[in-house]
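Quick notes on the structure that follows.
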Amino acid sequence: MYWVTPRHLAGDDDALAERGGDTLVGLERHMWPTARDAIRYVSPNRLCGAEWIRASYPFELGGLPVAWQLSARLHADSAMPEWNAYLTAGVPYEALTDLLVAIDGYYKADFSVEGPETVLAALGAQGWARDVGRPRAGASAPGFSCTFTPSRVSPVPVSRRSLPISAAERLSIVRRG
């Protein structure tokens with residue numbers, strides 16, 4: 001076991017599917033396999049969806065394989081989502097789980113927000129701080145456990161069983177467990 005920093009380079013420890021799925025089940029999402037052999041999770045109010053697609057329906061963004069597709073809509077009877085987010089393989093699972101919890105909390109509340117501010121508003125509703133210099137560009141979780149701007153990650157180390165080969169030279173091993 002390694003404790004490494006910076007966490008944005010720590011990778012997903014090959015646990016992105018399991019940790020994301022555990023979080024979604026804990027948020028009482030309904031789960032089922034799809035015709036594409038993906039695993040789909042939908043919130044009880046049918047506003048939020050998440051799908052693990054890496055193994056069954058591979059596609060890439062920027063040359064990286066997409067692992068999770070998140071989506072949300074403002075009304076349960078809407079055919080199309082208001083927004084989609086795609087997370088690629090290698091994203092630290094802590095970032096995914098914090099994002100899922102923030103989105104879930106937002107969509108359980110009785111809010112109505114239109115337009116592109118939906119995701120950032122969802123994070124803000126859960127106590128995430130917006131980037132002061134670029135409020136439309138990102139937000140940081142309480143305690144700065146993760147952030148969605150390219151210029152910051154939390155300095156707190158994360159545990160990993162294995163180190164990502166692509167970033168191994170840029171990681172600092174704080175301690176071995």
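The values are calculated or read from the model by the stated rules, or taken from the named source; none is laboratory data. For clarity, every value in this text was computed on a predicted model and none was experimentally measured. A quick note on method: Cβ atoms are made from the backbone with ideal geometry, for glycine too, and the neighbour counts reach across all protein chains shown. Quick note on the areas: whole protein, heavy atoms, side chains included, nothing else; ligands and nucleic acids left out. Shrake-Rupley method; radii C 1.70, N 1.55, O 1.52, S 1.80 Å.
Sorting 85-91, 122-128 by their mean Cβ neighbour count within 10 Å, with the most densely packed peptide first, gives 122-128, 85-91.
In terms of overall dimensions, the C-alpha atoms belonging to the stretch 1-110 reach 45, 29, 23 Å along their principal axes, ordered largest to smallest. In this structure, ILE165 and SER78 have a Cβ-Cβ separation that, at R0 = 30 Å, corresponds to a calculated FRET efficiency of about 0.10. Sorting the segments 168-175, 96-103 by their mean number of nearby beta carbons within 10 angstrom, highest to lowest, gives 96-103, 168-175. Surface analysis of the stretch 1-58 yields an accessible area of 52 Å² per residue, using protein heavy atoms and a 1.4 Å probe. Of all the accessible heavy-atom surface of the stretch 13-91, with the other protein chains kept in place and a 1.4 Å probe, what percent is carbon and sulfur? Roughly 53 percent of what the probe reaches on the stretch 13-91 is carbon or sulfur.
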